[in-house]
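Below you'll find the structure, written out as structure tokens, and then a few comments.
The values are calculated or read from the model by the stated rules, or taken from the named source; none is laboratory data. Keep in mind that this is a model prediction, so the values were computed, not measured. Glycine gets a Cβ as well: all are built from the backbone with ideal geometry, and neighbour counts include every protein chain shown.
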Amino acid sequence: MSITLTEAAADRVKQFLANRGKGEGLRLGVKTTGCSGMAYLLEFVDVIEEDDKVFESQGVKIIVDPKSLLYLDGTELDFAKEGLNEGFKFNNPNVKDTCGCGESFTV
Amino acid sequence: MALLQISEPGQSTRPHEHRLAVGIDLGTTNSLVATVRSGKADTLPDEQQRHLLPSVVRYQADQPPLVGEEARRAATEDPLNTISSVKRYMGRGLQDIKNLTNRHAYEFADTDSNVPRFHTAMGDVTPVEVSSEILKVLKQRAEKSLGGELAGVVITVPAYFDDAQRQATKDAAKLAGLNVFRLLNEPTAAAVAYGLDKSAEGIIAVYDLGGGTFDISILRLNKGVFEVLATAGDSALGGDDFDRAIATWIMQQAGINDDADHHQLRRLMHEACAAKEALTEAERTTLKIELEDGSVWQGELDRERMHQLIDPLIQKTLLPCRRALRDAGISADEVQAVVMVGGSTRVPRVREKVGEAFKQEPLVDINPDTVVAIGAAIQADVLAGNKPDDEMLLLDVIPLSLGLETMGGLVEKIIPRNTTIPVARAQDFTTFKDGQTAMTIHVLQGERELVSDCRSLGRFTLHGIPAMVAGAARIRVSFQVDADGLLSVTAREETTGVQSGIEVKPSYGLTDSEIETMLRDSIEHAEDDVAARKLLEQQVEADRVLEALAVALAQDRALLSEAERTQIERAASRLQVKRDGKDHLAIKAAIEELDKTASDFVARRMDSSIRKALAGHKVEEFAGEEK
């Protein structure tokens, strides 16, 4: 089981954590919501829960709860620019279909 | 695939429910938009990586308005259709604008309304419309950058903006299709930007010298709470004035006449601004101006000369600094940090002089051009609900006291200056005359004691007061100022519940630097004002007494002997004479004398009216009522 960051994503996460001044790392997750069933969650982590799985990629701690991990295994998190817009992008091999907007997906 | 941002723990939004929010610094010279992404506040650039949007709009026939750098560049060729520094015109009346400066770059359309309209090739446009064009461009940029519609914005305004100017700014936002969470004072926004990054505690002075406005704010930062202790400033002083001073000097040197055309004036301002910026680094710079006859004038400006030109202007900023300190009850030694905001604080001479005034090196860590937008973005992020709990409570203050007119042209202050907002205050008033059924509430802003020395914000009339004797009606007047500093006033007659009120959409009537002058006057004229108030109060009292006496004499003349009546009438005419004089103590004495002379008469009237009331009733009836 693994979850990784691209170099660009890791750079940004480090920057944002430094700017925030606190935090253990980055939480990746999924929640059942949205138009196609599931949606990604991306949050700073102050407290690592007991059953959380912790990965490390490019010097950044990635924290995932066990349920989400089922849907996220093998995911690579990237940071991308599209025109003026910029942000994080999930490259998730488990995804079968996304909604038109790309904010939610099914596995 | 949507691009995601990192949220605070537990604050992830559902898909399509992002609470996108931005802060906008709608500046006189340049405007900026900033947002918080993944917890970090940044200004947003356009496609060419330009963060600053020049606050310039060019109107051409049959074309959409051009905004920003392209418009600014056209300013020299097409001055009349290219509106810059529109912020100076927001919420102003036409007459104020004509008084603003003696030289004017624009033509104004003749209209019946007092709202000025720039006469352009695309038609006549109001300052609100021009501002909304700038906001539209920033909105578009933000929505492209964030990949969605904005939930809301925080727009910053100078601390000194009055209600009319704040309302005009809100109107411009509405016209641009923006939902305004909050208007935020610029210095407060700057403190937000620094407060979060440095988590400082203590007293902070924010010195904001932009292109067209100057603000000084004294803030107290304590456990994440920003309290504005005092604000002062000058809404018509900024880097533009440095340029103007330098341009005027160039005109003298080059022998250019005062009646030079628009093109020439624009070129001069350009050259002056370039020289000022060059002297930030260099000790001297060369000047080159093409004259109307086609020849070229060349000259040189060194730092020392520039200091001579701009020192009086810098000095003008230090006066409000001292006043704000005094208002806050703080000495310069107690100020822990001085935050520099606004592009004009890049001028080394400004930093030097401010450092001397506050006896410390001012802070210049955050880019002074973007610090306000950054603070606004942080505040917008909180207001959009993207923070775990309300980490930041912002307290702003009312820059000038709010009150209403009472008899004799006096101002009764309801909400004193520097009261933190939002705030609601009420006060009871009563009728002055017997049978009075209406009352006009005249809302005023200012520090002076007399109506004629304060600014009129608006008036309304409360009708339907039941006819009662003077002084019997109870009218509760409530002043409410919301978080944006906008005022609503209501008046309610308590026995009947009739109510009336206004949202203050003030008559656009404030001349430039009026607030500044008003404040200074209130200090200089404090003694005169107190004297004037005492005199007027006694005069009003004298009028009331004389009026009541006239009514009483008309009704109950029969209760007096001829001698008594003459005595009372004599005392009344003595009072009338004193009342028209200037000595408030003499009036007071005359009132007391009349009171004494008429006291028997008053007692007799009371007895007589009780007798009348009792006539035809048995004692038991009254006793019964007591049970």
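Here are some notes:
- Some residue of the stretch A:65-84 being within 14 Å of A:V13 (Cβ to Cβ), of a type in the set (D, E) and free of Cβ contacts under 8 Å to residues at least 40 places away in the same chain: no
- Any hit, the stretch A:44-56, residues being out of contact with any His (no Cβ under 8 Å at 6 or more places or on another chain), at the interface with another protein chain (Cβ under 10 Å from one of its Cβ atoms) and on the phi > 0 side of the Ramachandran plot: no
- Here the strands (runs of 3 or more DSSP E) wholly within the stretch B:198-315 that include at least 2 residues being touching a residue at least 24 places away in the same chain (Cβ under 8 Å), over 20 Å from B:E77 (Cα atoms) and among the acidic types (D, E) are B:225-234.
- B:A491 modelled with pLDDT of 85 or more, surrounded by 17 or more Cβ atoms within 10 Å (Cβ to Cβ) and out of contact with any helix residue (DSSP H, G or I) (no Cβ under 7 Å at 6 or more places or on another chain): yes
- Residue that is farthest from B:L546 (Cα to Cα), among those in the stretch B:411-423 that are at pLDDT 85 or above and of a type in the set (A, V, I, L, M, F, W, C): B:I415
- Hits in the stretch B:140-180 - residues which are part of a helix (DSSP H, G or I), charged (D, E, K, R) and more than 23 Å from B:G39 (Cβ to Cβ): B:D163, B:R166, B:K170, B:D171, B:K174
- Among (1) in contact (Cβ under 8 Å) with a residue 60 or more places away in the chain; (2) more than 30 Å from B:I366 (Cβ to Cβ), the one test that A:E50 misses: (1)
- Filter result for B:F214 (buried (at least 24 other Cβ atoms within 10 Å of the Cβ) and over 21 Å from the mean Cα position of the chain (by Cα)): no
- Those residues of the stretch B:138-156 which are surrounded by 24 or more Cβ atoms within 10 Å (Cβ to Cβ) and more than 14 Å from chain A (Cβ to nearest Cβ), in sequence order: B:V153, B:V154, B:I155, B:T156
- Top-ranked residue of the stretch B:324-343 - restricted to ones that are on the phi < 0 side of the Ramachandran plot and at pLDDT below 90, ranked as surrounded by the fewest Cβ atoms within 10 Å (Cβ to Cβ): B:Q336
- Screening A:L41, A:L5, A:L26, A:L17 for residues that are surrounded by 15 or more Cβ atoms within 10 Å (Cβ to Cβ), within 17 Å of A:F79 (Cα to Cα) and at pLDDT below 90 leaves exactly one candidate, A:L41.
- Just one of the listed residues (B:L80, B:L52) is surrounded by 20 or more Cβ atoms within 10 Å (Cβ to Cβ) and out of contact with any Cys (no Cβ under 9 Å at 6 or more places or on another chain), and it is B:L52.
- Residue that is modelled with the highest pLDDT [pool: residues in the stretch B:388-410 that are more than 24 Å from B:L536 (Cβ to Cβ) and not acidic (D, E)]: B:I398
- Of residues in the stretch A:56-107 being small (G, A, S) and assigned to a strand (DSSP E or B), the one modelled with the lowest pLDDT: A:S104
Yes or no, residue by residue, for (1) modelled with pLDDT under 85; (2) in contact with a strand residue (DSSP E or B) (Cβ under 9 Å, 6 or more places away or on another chain); (3) over 28 Å from B:E405 (Cβ atoms); (4) hydrophobic (A, V, I, L, M, F, W, C):
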position	(1), (2), (3), (4)
B:M518	yes, yes, no, yes
B:E524	yes, no, no, no
B:L560	yes, no, yes, yes
B:E569	no, no, yes, no
B:A572	no, no, no, yes
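- Some residue of the stretch B:591-606 being at pLDDT 85 or above, farther than 17 Å from B:A548 by Cβ and surrounded by 13 or more Cβ atoms within 10 Å (Cβ to Cβ): no
- The listed residues are B:E47, B:E77, B:E69, and the only one of them that is within 14 Å of chain A (Cβ to nearest Cβ), out of contact with any Ser or Thr (no Cβ under 6 Å at 6 or more places or on another chain) and of a type in the set (D, E) turns out to be B:E47.
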